[in-house]
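Okay, so here's the structure we're looking at.
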Amino acid sequence: MKKIFFSTTLVFLHLLTLQSQNKKPLYKDKNKPIEERIDNLISLMTLDEKIMQLNQWTYGKNANPNNIGEKMKAVRPEIGSLLYRSTNPEFRNQIQKKAMTESRLGIPIIFGFDAIHGYRTVFPIPLAQACSWNTDLVKQSCTITAKESWLSGLDWTFSPMLDVARDARWGRVSEGYGEDTFANASFAVAAVQGYQGNNLADKYTIAACLKHYIGYSLSEGGRDYHYSDISNQTLWETFMPPFEAGIHAGAATVMSGFNDISGVPASANHYTLTEVLKNKWKHDGFVISDWGSVRNLVEQSVAKDLKEASMKAFLAGVEMDMVDNAYMDYLPQLVAEGKVPIATIDEAVRRILRVKMKLGLFENPYVDVVTEKKRYLLPNYLKVAEELAAESMVLLKNESATLPITSKYKDLAIIGPMVKDSVHIMGFWEGMGQPEDVETIYEGLEKEFKNKVKLHYALGCDFDGNDKSGFEAALEAVKKSDAVLVFLGEKRNWSGENGSRSTIALPKIQEELVSELRKAGKPIILMLSSGRPLELIRLNEMADAIVEIWQPGTKAGSSVAGILSGRHNPSGKLSITFPQATGQIPIYYNMRESARPKLGHYQDIPRDPLYWFGHGLSYTTYDYSPIQLSADKITKNEKLIAEIEVTNSGEVQGKETVLWFIQDPFATISRPMKELKYFEKKEIKKGKKVIYRFDIDPIRDLSYVDSFGNRHLETGDFYIIVNNQKIKFELVN
Ligand code: GLC
């Protein structure tokens, strides 16, 4: 007690001196180095003030700016962060004013929210964005998201999600960038750069948050929040690289996951949270828990109560507690009992203050207030939204050039539950997207084909259930038509968080509708809107053409219509494999080879998945030249240049992505059959050719990581694989 009294007295004496000199404290001097400002501020803070910085409360029910509801009044001005669900910047500024003026030291609050694939302008789900292979467009979408979020009062988004996912029963497959490690790492960098810009202190930039650290997508059986058995080899080879890339891109924060990593939950895992993230990668930002993941340590039987859970999470390296109030309630005792060193508290506070200072919140705690018209859905935002949605869509099948819809069709039947939908089409985590903003598929088709094609609409059936009463009207529409567009898919909450499903097939009623419509003998064009790969083993046979449109968001109508009319030539390639059936999961392109490659496959379905990672058709054709290499052998210190010439031999311009894979046929540790190491997307005009080039760096592209995170480069043969070409070269000492 004496110590606390003595230090508090000292603090007050210090402040009195400053007051008397009428000088602002050093920590408020933006011209001083950030670390000095942090040292100064921490030296002035009481333990209570420090611990308050380690807490995030959620706020958003009562967004009435005239009446800061009881709950808001209860929020102490010393709170570190708010999960802010209001879209009102003035309300945020009012709350921030409380923090700046009613607390002793005036430490600004950091406001966070889940702007995962857009804020008010909703972009395609991240799984779809990855199919565009257009990192620049993804970066642009994140820049737009940051601006809409910042102008709504936010400083921070809980995005990008980097969970490499191979089990589509897990609904959150929709939120990451697919099954490949390199793809997730590439889009991680694009997203961090898009959100954070060149300087976090600039207006319209927000802090990124890499999540869910780590291995969450291996939740057993695809059941969300469940145990994940992850070997260290898989941890380092598959899950670490996207987070490492995001950290090196400057991501300000990281979110710890719900999953138990082989007996040590992600939110209490000192190895991942401190030894790797802080000590090896030198991350200087902070970690926030997931919603309640501190409290969940009790359910996961690694803590007997919330007090022990708080101690374990905090000492493992989780600096901020999301909405549990656990740190606020228990850290004071844990410090008093000597179980949590004050130095650890100070280091955690330092990390949070560092992010707040980098954001410029001490100098500029308030956001500009502009009208909603100037804030949201600007024409250039919607243009990017349409482009990204169109480039995300994947033409899976197109027998006898059924698509695009040209003058050969005079009448089109437009059938299915997605046609007039404006909710599910935005997908999960739609942010502040509003259904009334969404251009439905029907609206898009009407605009695109006005005076060209007559549309005959019928609902056909609902997303699920057994009601076939709509089938007859649908058949009537088909009879009047030259071809049938059937828009099927998932409801938004069938994927996303807690969106675990025992089957990835669509409900039976949707398949029965197609089977019925097919009897009319007209071409069937399947348009699928889902947050995951689907089981298409039956539908694939019934359709002449199939497009996976994913959940395209606000500009669903014009992007879908543009793909159908050919205004947008499909350029998407799958970021995740479509298995034949749910029972084939997990199946992904970069598996390791079987001991007996020709044996052991399921007897009742074809050996290969229906559509592999990287699959995607176009309305034009591309001819690939043989791969050219600058040499057939290189040393570890040399680069190897690989080039390929792609010709657009078709009738329309298009954008083609070349995916460059490397195979290491044998090494000390077994290697995947092939691994994506580079990709590039370019536009190629009709009849023209373009050269794609991959500069192979042996350490970066030919090495492998072991279960301790150490990289190894072994000499020997390697292969470059592009499309169906495979060319050998040798790495020598
Ligand atoms: C949720 C999600 C996480 C999200 C957080 C805040 O449970 O797991 O992705 O950012 O809570 O909403």
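Considering all alpha-carbon pairs of segment 379-584, what whole percent are spaced by more than 24 angstrom? Working shown, then result.
Numbers: 7407 of 21115 pairs.
Every Cα pair in segment 379-584 considered, those over 24 Å come to 35 percent.
Share of segment 622-732's accessible area from carbon and sulfur, percent, 1.4 Å? Don't skip to the answer; put the middle values down first.
Working: 2610 of 5490 Å².
Of all accessible area on segment 622-732, carbon and sulfur atoms account for 47 percent.
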(request) Beta carbons within 10 angstrom, averaged per residue: use that to sort the peptides 141-151, 588-598, highest first. (result) 141-151, 588-598
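For the chain, what proportion of DSSP beta bridges, expressed in % and rounded to the nearest 5, is antiparallel?
For the chain, the DSSP antiparallel bridge percentage is about 50.
Take the alpha carbon gyration tensor of segment 399-472, find the square roots of its eigenvalues, order them as a ≥ b ≥ c, and report rounded if a/c is under 1.5; if not, report prolate when a/b exceeds b/c, else oblate. Can you show the working numbers first?
Working: a/c = 2.09, a/b = 1.31, b/c = 1.60.
In terms of gyration-tensor shape, oblate.
Cα gyration tensor of segment 34-358, axes a ≥ b ≥ c as square roots of the eigenvalues: rounded (a/c below 1.5), prolate (a/b > b/c) or oblate? Provide the component values of the computation, followed by the final result.
Numbers: a/c = 1.60, a/b = 1.15, b/c = 1.39.
In terms of gyration-tensor shape, oblate.
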(request) Go through W550, W57 and list them by solvent-accessible area, largest first, probe radius 1.4 Å. (result) W57, W550
(request) Leaving out ligands and nucleic acids, note down the accessible area per residue over the chain with a 1.4 angstrom probe, in whole Å². (result) 39 Å²
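In segment 399-451, which trypsin sites (Lys or Arg not before Pro) are in a loop and have at most 16 other Cβ atoms within 10 Å, using DSSP for the loop call? Provide the component values of the computation, followed by the final result.
Values: sites: K408, K410, K420, K447, K450; in loops: K408, K410, K420, K450.
Passing sites in segment 399-451 are K408, K410, K420, K450.
Starting from the Kirkwood radius over alpha-carbon pairs of segment 556-648, derive D by Stokes-Einstein at 20 °C in a medium of 1.002 mPa s and give it in µm² s⁻¹. Don't jump to the answer; show the numbers that get you there.
On the way: Rh = 17.4 Å.
This corresponds to a translational diffusion coefficient of 123 µm²/s.
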(message) From the helices alone, meaning DSSP H stretches of at least four residues, give me the mean residue ellipticity at 222 nm for the chain, per-run term -39500 (n - 2.57), in deg cm²/dmol to the nearest 500.
(response) -8500 deg cm²/dmol
(message) How large is log10 of I(q)/I(0) for the chain at q = 0.09 Å⁻¹ when the intensity is taken from the Debye formula with one equal scatterer per alpha-carbon?
(response) -0.84
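Can you give the Rg/Rh ratio of segment 434-480, where Rg is from the C-alpha atoms and Rh is the Kirkwood radius? Mind dumping the intermediate values first?
Numbers: Rg = 13.3 Å, Rh = 12.6 Å.
Across segment 434-480, the Cα-based Rg/Rh ratio is 1.06.
Relative contact order of the chain, please, whole-number percent, based on alpha carbon pairs below 8 angstrom and at least 6 residues apart. List each step's numbers first, then the result.
Details: 1722 pairs, mean separation 97.2, N = 733.
Reported relative contact order: 13 percent.
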(request) Please list, in chain and number order, the residues 5+ apart from K397 or on another chain whose amide H is under 5 Å from its amide H, with Hs placed from the backbone. (result) I546
(request) Enumerate the whole-percent occupancy of each 10 Å bin, from 0 to the last occupied one, for all C-alpha pair distances of segment 76-205. (result) 13, 39, 29, 15, 5, 0
(message) Tell me the angle of helix 326-336 to the major Cα principal axis of the chain, expressed in degrees between 0 and 90 and rounded to the nearest ten.
(response) 40 degrees
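Top to bottom by accessible area (1.4 Å), largest first, where do R354, R700, R172 land?
Details: R354 25, R700 130, R172 5 Å².
Largest accessible area first, the residues go R700, R354, R172.
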(request) Please report, in cubic angstrom per residue, the volume enclosed by the convex hull of the alpha-carbon atoms of segment 603-733. (result) 129 Å³
(request) Could you point to the residue in L640, Y588, A336 farthest towards the positive end of the chain's charge dipole, with +1 and -1 charges on the Cβ of Lys/Arg and Asp/Glu respectively? (result) A336
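Using unit Cβ charges (K, R positive; D, E negative) and no other charged atoms, how large, in debye to the nearest 20, is the dipole of segment 34-358 about its Cα centre?
Numbers: 33 positive and 38 negative charges, 173 e Å.
Here segment 34-358 has a charge dipole of around 840 debye.
Subtract the Cα-Cα distance of S515 and E683 from 0.36 nm times their separation in residues, and report this length gain in nm to one decimal.
That pair, S515 and E683, stretches by 56.7 nm at full extension.
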(request) Compute the acute angle (0 to 90°) between the alpha-carbon long axis of helix 181-196 and the principal axis of greatest extent of the alpha-carbon atoms of the chain; round to the nearest 10°. (result) 50 degrees
(message) Spelling out what I want: for every residue of segment 226-241, take phi, set θ = phi - 60°, compute 6.51 cos²θ - 1.76 cosθ + 1.60 (Karplus), and round to whole Hz; glycine and proline get x.
(response) 7, 3, 10, 8, 10, 6, 5, 4, 5, 4, 7, 7, 9, 9, 5, x
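May I ask you to compute the full-extension gain from S301 to N723, defined as 0.36 nm times their residue separation minus their alpha-carbon distance, rounded to one decimal in nm?
Result: 147.1 nm gained on full extension.
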(request) Report the chymotrypsin sites (Phe, Trp or Tyr not before Pro) located in segment 691-732 that are in a DSSP loop and have at most 16 other Cβ atoms inside 10 Å of their Cβ, or state none. (result) F708
(request) Take the Cα pairs of segment 457-512, get the Kirkwood Rh, then feed it into Stokes-Einstein at 37 °C and 0.692 mPa s and tell me D in µm²/s. (result) 257 µm²/s
(request) Can you tell me the dipole magnitude for segment 379-584 around its Cα centre, using point charges on the Cβ only (Lys, Arg +1; Asp, Glu -1), in Debye to the nearest 20? (result) 560 debye
(request) Express in whole angstrom the spacing between the alpha-carbon centres of segment 262-316 and segment 28-42. (result) 29 Å
(request) With a cut-off of at most 13 other beta carbons within 10 Å, and DSSP calling the residue loop, which GluC sites (Glu not before Pro) in segment 356-437 qualify? Please list them. (result) E363
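Could you tell me how many cubic angstrom of Cα convex hull volume segment 280-438 has per residue?
Values: hull volume 40.7 nm³, N = 159.
So the per-residue Cα hull volume is 256 Å³.
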(request) Amide H neighbours of I110 under 5 Å, at least 5 residues apart or on other chains, H built in the peptide plane: list them. (result) S81, L82
(request) With a Förster radius of 25 Å, plug the Cβ-Cβ distance of D202 and I34 into 1/(1 + (r/R0)^6) and report the FRET value to the nearest 0.05. (result) 0.95
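Full extension from D467 to H270: what is 0.36 nm times the residue separation minus their Cα-Cα distance, to one decimal in nm?
Numbers: separation 197, 0.36 × 197 = 70.92 nm, distance 5.28 nm.
Answer, rounded to one decimal: 65.6 nm.
Provide Rg over Rh for segment 566-606; use the alpha carbon set for both Rg and the Kirkwood Rh (inverse mean inverse pair distance). Could the numbers behind the result be given before it?
Details: Rg = 14.7 Å, Rh = 13.0 Å.
Here Rg/Rh amounts to 1.13.
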(message) I'd like the orientation of helix 34-44 relative to the chain: the angle between its Cα long axis and the longest Cα principal axis, in ° from 0 to 90, rounded to 10.
(response) 50 degrees
(message) Let me spell out the model: positive unit charges on the Cβ of Lys and Arg, negative unit charges on the Cβ of Asp and Glu, origin at the Cα centre of the chain. What dipole size does that give, in debye rounded to 20?
(response) 1380 debye
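The values are calculated or read from the model by the stated rules, or taken from the named source; none is laboratory data. Fair warning: this is a prediction, and the values are worked out from it, not measured in the lab. Note that each Cβ is placed from the backbone with ideal geometry, even for glycine, and that neighbours are counted across all protein chains shown. Just the protein is used for accessible areas: all its heavy atoms, side chains included, with ligands, DNA and RNA removed. Shrake-Rupley method; radii C 1.70, N 1.55, O 1.52, S 1.80 Å.
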